[in-house]
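Asker: Sharing a structure, written as structure tokens. Questions coming.
The values are calculated or read from the model by the stated rules, or taken from the named source; none is laboratory data. Bear in mind the structure is a predicted one, so any value in this text is a computation, not a measurement. Cβ: placed from backbone, ideal geometry, glycine included. Neighbour counts: every protein chain shown. What goes into the accessible areas is simple: the full protein's heavy atoms, side chains included, and nothing from ligands, DNA or RNA. Shrake-Rupley method; radii C 1.70, N 1.55, O 1.52, S 1.80 Å.
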Amino acid sequence: MAQVTPVVGLVFDLETYRFSPGDMAPAPVCVALVRPQTEQPTHLLTWHPDDGHHPEAVLLAALMACLRDGHGVVGHHVCYDFAVLWQHCPALRDTIVALYDAELVWDTEMVDRLWHIAAGRQGAYSLEAACKRWLDRDLSASKTADAWRTRYGELAPWSISAWPAEAVNYPLDDVDNTRDLWVRLMQECEGQLPPTLGEQCRGMWALHNIGVWGNRTDPAMVAQVRDVVHLGMATHEPALIAAGLGKRKPDGRMGKKMDVLRERICKALTSQGIKVPLTATKLIATEREVVLQGAPVDPLLDTYARWQKLATIAATYLTPLQRGTVEPLHVRYTTVVRTGRTSASGYKKRKAGDPPHAVTGLNVQNQPRGVEGAAHGVGVRECFVPRPGYVLVGADYSMIELRTLADVMLKLFGTRSKLLNALCAGADVHLIMAAGLLGIPVEECVTRYNAGEAVVQAARQLSKPINFGCWGGLGAASLVSYLGGYGIQKTKAQCTMLINLWRRTWPSSVEFFKWRSDSLDSHDVDRIIHPTTGFVRGDCTYCGGLNFMFQAPAAHGAKRAAYALWRGCYWDVTSPLYGVARVAAFVHDEFLLEVLEGHLDPCARELSRVMQAEMETVVLNVECPAEAVAMRRWSKMAKPRFKAGKLIPWEAA
């Protein structure tokens, strides 16, 4: 059956008051729009009563026409515009949901991303960057800090007749540029929507709204983390300075002696037979994963790696965590990267002298595992707390990327793997690996683990990063640093033995790796269309392709869950989540909700149900459970607690 060429019914762009902490969907000032299927030119409507434009009614009519005719609504990062309309134009809400449900919201930023990923390329995706790349148009003059794009709040009190010409033209030009960008991108896509576009745009909408809600932090816990970090750095620094790896600066901080550090890294890696990685400028790399490779044979590199982690926490997390005690932290989620997964970042690093509207955030998806020297239950994650009157309800998928992998291997090879059978039987795959490490039967390993035997618990902890990392093609040298990230030190020789044992434990790994090797071209890269989701990734390396097979469907199912949870929280009046819960964070396989006291149990059940149901539309051959827990602060230690059969908040002892 021939594919139907997509038809655009509306291109629009809002200009608003400037967003600020706690107000990430500020009031609209004007909207520029064009309906390409009519003869009307691009026009500008304001919310000023003297102009008599009635933009809400005009937008509603245009959006409903798109829904009726099956035409797309196009914008650049249009999730922001829709979030503003959702907040300030309630009459549009049903239509906004219907358009997203029908996958008729087409974001040019997302099309550009998907095209680049499919082509194996990377780029910047702002409207300015996209227009320069695809249309050879320079928008830089209109995107400067003092340009009108951030100052429309100043114009809101005035009728459009009093606006400067530049302020009138800016939104009109943005819409024209977005329309022309769409046309150009469709030429590159041969007139068809990129695979998964509709679902990616729904995920973009859901993740944007998570960032709009924001997070708060606990002053007492932030202070504890700050003190532990600074004390830990101060504890390690004398040894590093004495060894020549650091030097004391006039302000009291420790500076790094990079030449000494590189020399030690080179010696430590060479002694293990690990190839010494170089930067683009041919210097020895000094990233933490490289330092960790040398740590098993050089105690000072281990000390440096510990200091390096604490220094990163100090530089990256302490300032935004402190800001979160007085205002919401807003995370900026990137809906899709090359792997198919999401990423997250703060909006900017807040500096002295920033205006009050400056927004602070941090990367909630890459939080450090523990803080050295901290008491039990003290860490970056534990700084996050709910707003007054709310309780946190979190759930994460159990071993989701192993489940997606088992499902994909069945689709690729047509036979049930040992991994799939174990997961379907409800077995603990980490204990299966631990049994191999200890040289004991699996049944004995399970019994001893349930009895709390320390040696078995340690073996299971070691098995987790091995099981998660080796399916992605980690070699022995890479496994050294990967385990180091979990606080486990093993040499390259030891990691070689661990990988061999892992392959014997999971025989389907041989077939999986052979499939990947056979699919590569003469340049050791290829273009993959994912057999489960249809997501396309180009210029894919050997390891990249292995990881893509299980990371992409896990992310796809999680983004489906994100949209379903947003729908329940904000729109579906029949949902237990409606009006009493908000999604506060998303971390790859985990969702965190803020739920009003008194609604924990039904909301937790609904969170688990939605997560499992949406993931199982992608993963067809194995269950994907997600157990929910309520807590007073975010913690990996939290366990479900019940009273009279209903969930109650877990609290640290």
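Asker: List the residue pairs whose Cβ atoms are under 6 Å apart, where the first residue sits in region 145-161 and is under 16 Å from D173 (Cα atoms), the second is open to solvent by 100 Å² or more (accessible area, probe 1.4 Å) and in a loop (DSSP other than H, G, I, E, B), and the two are 6 or more positions apart or on different chains.
Answerer: Listed pairs, sorted by first residue: T150/R18.
Asker: May I pose another question? Which residue pairs have Cβ atoms under 6 Å apart, sit 6 or more places apart or on different chains, and have a first residue in region 427-448 that is free of Cβ contacts under 8 Å to residues at least 60 places away in the same chain and a second that is surrounded by 20 or more Cβ atoms within 10 Å (Cβ to Cβ) and of a type in the set (F, W, Y)?
Answerer: Final answer for the pair search is none.
Asker: Just one of P194, P171 is under 30 Å from Q87 (Cβ atoms), modelled with pLDDT under 95 and not polar (S, T, N, Q); which is it? Spell out the reasoning first.
Answerer: Working: P171 fails: modelled with pLDDT under 95.
When all the criteria are applied, what remains is P194.
Asker: Does A555 satisfy the condition of being closer than 15 Å to L405 by Cα, touching a residue at least 60 places away in the same chain (Cβ under 8 Å) and open to solvent by less than 20 Å² (accessible area, probe 1.4 Å)?
Answerer: Working: closer than 15 Å to L405 by Cα: yes; touching a residue at least 60 places away in the same chain (Cβ under 8 Å): yes; open to solvent by less than 20 Å² (accessible area, probe 1.4 Å): yes.
Taking the combined requirement at face value, the residue satisfies it.
Asker: Among L60, L44, which is the only one that is under 30 Å from W163 (Cβ atoms), in a strand (DSSP E or B), aliphatic (A, V, I, L, M) and modelled with pLDDT of 95 or more? Before the answer, list the steps.
Answerer: Values: L60 fails: in a strand (DSSP E or B).
Answer to the selection: L44.
Asker: Please specify each residue of region 267-297 satisfying the condition of being in contact with a Gly (Cβ under 9 Å, 6 or more places away or on another chain), closer than 26 Å to I313 by Cα and not aliphatic (A, V, I, L, M).
Answerer: If the condition is that a residue be in contact with a Gly (Cβ under 9 Å, 6 or more places away or on another chain), closer than 26 Å to I313 by Cα and not aliphatic (A, V, I, L, M), then R288, E289, Q293, P296 are the ones that fit.
Asker: Select from region 506-541 the residues that are in contact with a Gly (Cβ under 6 Å, 6 or more places away or on another chain) and open to solvent by 40 Å² or more (accessible area, probe 1.4 Å) and list them in ascending order.
Answerer: Correct list: R527, D539.
Asker: Contact list please: Cβ distance under 7 Å, first residue in region 404-417 and free of Cβ contacts under 8 Å to residues at least 60 places away in the same chain, second residue of a type in the set (A, V, I, L, M, F, W, C), pairs at least six apart or on different chains.
Answerer: Cβ pairs passing all conditions: R416/L410.
Asker: Which pairs do you get when a residue that is farther than 12 Å from A581 by Cβ, found in region 381-393, comes within reach of a residue that is small (G, A, S) and surrounded by fewer than 24 Cβ atoms within 10 Å (Cβ to Cβ), reach meaning Cβ atoms under 6 angstrom, with the pair 6+ apart or on two chains?
Answerer: E382/S635
Asker: Please determine, by comparing only the residues of region 67-79 that are out of contact with any helix residue (DSSP H, G or I) (no Cβ under 7 Å at 6 or more places or on another chain) and part of a helix (DSSP H, G or I), which one is most open to solvent (accessible area, probe 1.4 Å).
Answerer: Of everything passing the filter in region 67-79, R68 is most open to solvent (accessible area, probe 1.4 Å).
Asker: List the helices (runs of 4 or more DSSP H) that sit entirely inside region 164-272 and contain at least 1 residues that are open to solvent by 70 Å² or more (accessible area, probe 1.4 Å), within 30 Å of D302 (Cβ to Cβ) and touching a residue at least 60 places away in the same chain (Cβ under 8 Å). Spell out the reasoning first.
Answerer: Values: elements: 165-188, 197-213, 219-242, 258-271.
The qualifying helices (runs of 4 or more DSSP H) are 219-242.
Asker: Next question, about the same structure. Looking at D589, is it without any contact (Cβ under 8 Å) to a residue 12 or more places away in the chain and surrounded by fewer than 24 Cβ atoms within 10 Å (Cβ to Cβ)? Let's see the steps before the verdict.
Answerer: On the way: without any contact (Cβ under 8 Å) to a residue 12 or more places away in the chain: no; surrounded by fewer than 24 Cβ atoms within 10 Å (Cβ to Cβ): yes.
When the stated conditions are applied, D589 does not pass them.
Asker: Is it true that P194 is over 24 Å from the mean Cα position of the chain (by Cα) and not hydrophobic (A, V, I, L, M, F, W, C)? Lay out the reasoning, then the answer.
Answerer: On the way: over 24 Å from the mean Cα position of the chain (by Cα): no; not hydrophobic (A, V, I, L, M, F, W, C): yes.
Criteria not met by P194.
Asker: Name the single residue that is modelled with the highest pLDDT among those in region 1-13 being open to solvent by 30 Å² or more (accessible area, probe 1.4 Å) and closer than 23 Å to L99 by Cβ. Quick ask: steps written out before the conclusion?
Answerer: Filtering region 1-13 down to residues open to solvent by 30 Å² or more (accessible area, probe 1.4 Å) leaves 1-5, 7.
Applying the additional criterion that residues be closer than 23 Å to L99 by Cβ yields 3-5, 7.
Values: Q3: 55, V4: 66, T5: 80, V7: 96.
My answer is V7.
Asker: Could you tell me which of the residues E199, E154 is farther than 23 Å from T316 by Cβ, charged (D, E, K, R) and under 26 Å from the mean Cα position of the chain (by Cα)? Please lay out each step first, then the result.
Answerer: On the way: E154 fails: under 26 Å from the mean Cα position of the chain (by Cα).
Going through E199, E154 in turn, just one is farther than 23 Å from T316 by Cβ, charged (D, E, K, R) and under 26 Å from the mean Cα position of the chain (by Cα): E199.
Asker: Right, here's the next one. Out of the residues in region 26-35 that are surrounded by 20 or more Cβ atoms within 10 Å (Cβ to Cβ) and aliphatic (A, V, I, L, M), state the one that is farthest from L127 (Cα to Cα).
Answerer: Ranking the candidates gives V29 first.
Asker: Look at Q489 and say whether it is closer than 30 Å to V276 by Cα and without any contact (Cβ under 8 Å) to a residue 60 or more places away in the chain.
Answerer: Details: closer than 30 Å to V276 by Cα: yes; without any contact (Cβ under 8 Å) to a residue 60 or more places away in the chain: no.
Judged against the criteria, Q489 is not a match.
Asker: Also: Mind counting the residues in region 146-163 that are assigned to a helix (DSSP H, G or I) and either open to solvent by less than 80 Å² (accessible area, probe 1.4 Å) or over 16 Å from A32 (Cα atoms) (or both)? Explain how you work it out, then say what you get.
Answerer: We begin by selecting, within region 146-163, every residue assigned to a helix (DSSP H, G or I); these are 148-150, 152-155, 160-162.
If we keep only those that are either open to solvent by less than 80 Å² (accessible area, probe 1.4 Å) or over 16 Å from A32 (Cα atoms) (or both) too, we end up with 148, 150, 152-155, 160, 162.
Count: 8.
Asker: For region 73-96, which positions are under 23 Å from the mean Cα position of the chain (by Cα) and among the aliphatic types (A, V, I, L, M)?
Answerer: Step one: filter region 73-96 for residues under 23 Å from the mean Cα position of the chain (by Cα), giving 75-84.
V78, A83, V84 - these are the residues of region 73-96 that are under 23 Å from the mean Cα position of the chain (by Cα) and among the aliphatic types (A, V, I, L, M).
Asker: Please tell me if R369 is touching a strand residue (DSSP E or B) at 6+ places or on another chain (Cβ under 8 Å) and either basic (K, R) or free of Cβ contacts under 8 Å to residues at least 60 places away in the same chain (or both).
Answerer: no
Asker: Okay, moving on. Within region 120-156, how many residues turn out to be at positive phi and at pLDDT 95 or above?
Answerer: Qualifying residue count, region 120-156: 1.
Asker: Quick check on H53: is it surrounded by 15 or more Cβ atoms within 10 Å (Cβ to Cβ) and under 24 Å from W158 (Cβ atoms)?
Answerer: Details: surrounded by 15 or more Cβ atoms within 10 Å (Cβ to Cβ): yes; under 24 Å from W158 (Cβ atoms): yes.
Here the answer is yes, as H53 does meet what is asked.
Asker: Failed condition for E289, given (1) surrounded by fewer than 18 Cβ atoms within 10 Å (Cβ to Cβ); (2) in contact (Cβ under 8 Å) with a residue 60 or more places away in the chain; (3) within 30 Å of G22 (Cα to Cα), with all others met?
Answerer: Of (1) surrounded by fewer than 18 Cβ atoms within 10 Å (Cβ to Cβ); (2) in contact (Cβ under 8 Å) with a residue 60 or more places away in the chain; (3) within 30 Å of G22 (Cα to Cα), only one is false for E289: (3).
Asker: Here's a check for you: in region 475-488, which residue that is outside any loop (DSSP other than H, G, I, E, B) and touching a Lys or Arg at 6+ places or on another chain (Cβ under 9 Å) is surrounded by the most Cβ atoms within 10 Å (Cβ to Cβ)?
Answerer: Taking region 475-488 first, the residues outside any loop (DSSP other than H, G, I, E, B) are 476-484.
From what's left, touching a Lys or Arg at 6+ places or on another chain (Cβ under 9 Å): 476-477, 479-481, 483-484.
On the way: A476: 20, A477: 19, L479: 24, V480: 29, S481: 21, L483: 22, G484: 22.
Residue satisfying both the conditions and the ranking: V480.
Asker: Tell me the residue from W566, W634 that is under 18 Å from the mean Cα position of the chain (by Cα), more than 25 Å from Q200 (Cα to Cα) and buried (at least 16 other Cβ atoms within 10 Å of the Cβ), please. Walk me through how you get there before you give the answer.
Answerer: Details: W566 fails: more than 25 Å from Q200 (Cα to Cα).
Of W566, W634, the one residue that is under 18 Å from the mean Cα position of the chain (by Cα), more than 25 Å from Q200 (Cα to Cα) and buried (at least 16 other Cβ atoms within 10 Å of the Cβ) is W634.
Asker: Of the residues in region 61-89, how many are of a type in the set (A, V, I, L, M), closer than 17 Å to D101 by Cβ and out of contact with any His (no Cβ under 9 Å at 6 or more places or on another chain)?
Answerer: Going through region 61-89 one residue at a time, the tally reaches 6.
Asker: Next question. Has region 606-614 got any residue that is modelled with pLDDT of 95 or more, under 23 Å from M24 (Cα atoms) and open to solvent by less than 60 Å² (accessible area, probe 1.4 Å)?
Answerer: No, that holds for no residue.
Asker: When you scan region 111-131, do you find a residue that is among the acidic types (D, E), touching a residue at least 40 places away in the same chain (Cβ under 8 Å) and surrounded by 15 or more Cβ atoms within 10 Å (Cβ to Cβ), even just one?
Answerer: As a first pass, look at region 111-131 and keep what is among the acidic types (D, E): 112, 128.
Retained after the next criterion (residues that are touching a residue at least 40 places away in the same chain (Cβ under 8 Å)): 112.
Next, only the ones that are surrounded by 15 or more Cβ atoms within 10 Å (Cβ to Cβ) stay: 112.
Yes, region 111-131 contains a residue that is among the acidic types (D, E), touching a residue at least 40 places away in the same chain (Cβ under 8 Å) and surrounded by 15 or more Cβ atoms within 10 Å (Cβ to Cβ).
Asker: Which residues, counting only those in region 610-626, are more than 11 Å from I400 (Cβ to Cβ) and in a helix (DSSP H, G or I)?
Answerer: V610, A613, E614
Asker: Being open to solvent by 30 Å² or more (accessible area, probe 1.4 Å) and polar (S, T, N, Q) is true for just one of T95, T16, T46, T38. Which residue is that? Walk me through it before giving the result.
Answerer: Details: T95 fails: open to solvent by 30 Å² or more (accessible area, probe 1.4 Å); T16 fails: open to solvent by 30 Å² or more (accessible area, probe 1.4 Å); T46 fails: open to solvent by 30 Å² or more (accessible area, probe 1.4 Å).
The match here is T38.
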